[in-house]
Amino acid sequence: MPMIAADRTVALYSRLGPEADASFALPLLVERDIAVVFPRVEGELLEFAPASSLDDLDPGYRRVLEPKGLAIDSSTLDVIVVPGVAFDREGGRLGQGGGHYDRTLALLSAKTLRVGFCFACQIVERVPREDHDELLDALVTEDELIYID
């Protein structure tokens, strides 16, 4: 994505089940001197800590790989890559039911770019939404980059 440049902080994630795996981008981003953080569950929210390799991650909540280091101030996130099992072209996403991403996204700066990462087959006409569901700014699949108005 062209908007991901050096001097930025990007949050990736480790996949759970059918989610597309965003962690493959870690070495590419580190090579470009982009700060990379991964989420870990802290109560009802996510907090983020740096990781420069997958060795910096250990199994945590639901056995998902989480960072070991000290948490950063989440207001410094420029881009957050968000997992899900289904997405729509209006920015809706269906997660795996924990609500951690929606609660955390609601607290992030409006300047933080929210990017859904998925396989093209995970894009549906419309995902079910509730008032607390947070919308995304873009979707990335193996076939296209979709900016959401």
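Here is how the numbers come out for the structure above:
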quantity: Where Val64 falls short, out of the listed (1) exposed (fewer than 14 other Cβ atoms within 10 Å of the Cβ); (2) under 15 Å from Ala22 (Cα atoms); calculated: (1)
quantity: The lone exception for Gly17 - which of (1) on the phi > 0 side of the Ramachandran plot; (2) surrounded by 13 or more Cβ atoms within 10 Å (Cβ to Cβ) it fails; calculated: (2)
quantity: Strands (runs of 3 or more DSSP E) contained entirely in the range 16-133, each with at least 2 residues that are free of Cβ contacts under 8 Å to residues at least 24 places away in the same chain and over 18 Å from Leu145 (Cβ atoms); calculated: 45-50, 57-59
quantity: Criterion (modelled with pLDDT under 95, under 15 Å from the mean Cα position of the chain (by Cα) and not hydroxyl-bearing (Ser, Thr, Tyr)) met by exactly one of Val37, Val64; calculated: Val64
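The values are calculated or read from the model by the stated rules, or taken from the named source; none is laboratory data. No experiment lies behind these values; they were computed from the predicted model shown. So basically every Cβ, Gly included, is an ideal-geometry build from the backbone, and we count neighbours across all protein chains shown.
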